[in-house]
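One structure is given below, encoded as structure tokens.
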Amino acid sequence: MKVSYYPGCSLHGMGKEYDESMKAVSRALNIELKEIDDWSCCGASAAHNTNFELSVALPARNLIAAEKDAMDVMVPCAACFNRFKTAEHNLKSNKDLKARIEGVLGAKYQGGISIRNPIDVIYTEIGIDALAAKVTRPMIGLKPVSYYGCLLLRPPEVCQFENYENPFMLDKIMGALGADVKNWSYKTDCCGGSLSVSKTPIVTELCDKLMRAAREAGANCVVVACPMCMANLEMRPSRNMKMPVFYFTELISLAMGLPGSKDTFKSHLIDPQPLLKQLHLI
């Protein structure tokens, strides 16, 4: 399988662990990634608060660039995924807006490619059985809760990404790795997102609630697919509420025994290695 790949700014910065593990896992699963030529920032969580048409034009520029490769585009970052899907929705539903954006960009948007998240690609295209067959180090003893956050799923009519009230793909993926996935009711609650700097006390309160619920569910770690969620859940909970947080691709890499699979753990703000050593997983 071959897809266009949009890493976005976060995966080249604070989310580099996601990018590195995503590329390693993709190679192992025979997913060929073609990084979009001359990609640029999609505006993420900031542009739409400043200028609506700018918030459409920024991801539209990248979608037009991706269309040149004539392949579906895989977008790991939840914020980028949301902005791509929102731009797609706006461009397809508003002809006047589409004409203005095309005029600004000097290029036509065709709308002929699908925007996908790696959770969906791995679950749908690779399959749970094929993934489980590649596991060489089962994640026995690991008790994660799957945390989607809000941007992958909402608004549901725009994101069109599995069950927006009770998503399950990430649970199934973690289960295929041999982890004891814990059920909880906070899979899609917001962590505070980009309020982390401007409204830190609010984000701390939200993250404490999530970590408390994870502990009550019997979890010993949290699994995410969003750099902003990763940063907030590592930085913002109160000291006594913190627990290890992983990108889901890091655990796939570890379970498959891929070279360098432990390297990304060194840059976590909450060191997960003591837990993994305790469970004899590293």
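FYI, it's all coordinate maths here, none of it is from the lab. Note that this is a predicted model, so its numbers are computed, not measured. Positions of Cβ are generated from backbone atoms using ideal geometry, with glycine treated the same way; all protein chains shown enter the neighbour counts.
A few points about this structure:
- Loop-located chymotrypsin sites (Phe, Trp or Tyr not before Pro) in the range 238-281 whose Cβ has at most 14 other Cβ within 10 Å (DSSP): none
- In the range 155-282, a dipole from Cβ-located charges (positive for Lys and Arg, negative for Asp and Glu) runs towards its positive end, and of GLY178, VAL224, ILE270 it is ILE270 whose Cα lies farthest in that direction.
- Simple spin-label estimate for VAL158 and ALA217 in nanometres, 7 Å along Cα-Cβ: 2.5 nm
- Principal-axis analysis of the Cα atoms of the chain puts helix 78-93 at an angle of about 30° to the longest axis.
- Residues of the range 144-165 with amide N under 14 Å of a point placed 7 Å along Cα→Cβ from LYS209: 149-150
- Over the range 136-275, volume per residue of the alpha carbon convex hull, in Å³: 106 Å³
- Charge sum, other residues only, whose C-beta stays under 13 Å from MET256's C-beta, Lys/Arg counted +1 and Asp/Glu -1: +3
- Mean-position separation - Cα centroids, the range 205-271 and the range 133-198, in angstrom: 12 Å
- Applying 1/(1 + (r/R0)^6) with R0 = 25 Å to the Cβ-Cβ distance of ASP189 and SER238 gives a FRET efficiency near 0.90.
- Extension reserve of the GLU125-LEU269 stretch, reckoned as 0.36 nm per residue once the Cα distance is removed: 48.6 nm
- On full extension, the segment bounded by ALA70 and VAL104 gains 10.0 nm, given 0.36 nm per residue less the C-alpha separation.
- For the range 1-101, the convex hull drawn through the C-alpha positions has a volume of 93 cubic angstrom per residue.
- Of ILE101, TYR247, LEU58, farthest towards positive along the dipole that unit charges on Lys, Arg, Asp, Glu beta carbons give the chain: TYR247
- Pairs of Lys residues in the range 2-116 that lie 8 or more places apart, or on two chains, and have C-alpha atoms under 17 angstrom apart add up to 11.
- Here the chain is treated as a Stokes sphere of Kirkwood radius computed over C-alpha pairs; at 4 °C and 1.567 mPa s its diffusion coefficient rounds to 68 µm²/s.
- Relative contact order computed over the chain (Cα-Cα under 8 Å; 6+ residues apart), in percent: 19 percent
- For the chain, a crude dipole built from +1 on the beta carbon of Lys and Arg and -1 on the beta carbon of Asp and Glu, taken about the Cα centre, is about 420 debye to the nearest 20.
- The loop-placed chymotrypsin sites (Phe, Trp or Tyr not before Pro) in the range 27-120, going by DSSP, include none that has at most 14 neighbouring Cβ atoms within 10 Å of its Cβ.
- Label-to-label distance, nm, for residues given as SER198 and THR50 (7 Å Cα→Cβ offset): 1.2 nm
- Cβ-Cβ FRET estimate between LYS277 and GLU32, R0 fixed at 30 Å, reported to 0.05: 0.30
- Magnitude of the charge dipole for the range 136-275, about its Cα centre and with charges confined to Cβ atoms of Lys, Arg (+1) and Asp, Glu (-1), is about 320 debye.
- Kirkwood Rh in Å, taken over all unlike Cα pairs in the range 200-282: 13.3 Å
- A simple charge model with +1 on the Cβ of Lys and Arg, -1 on the Cβ of Asp and Glu and nothing else charged puts the dipole of the range 2-116 at about 260 debye relative to its Cα centre.
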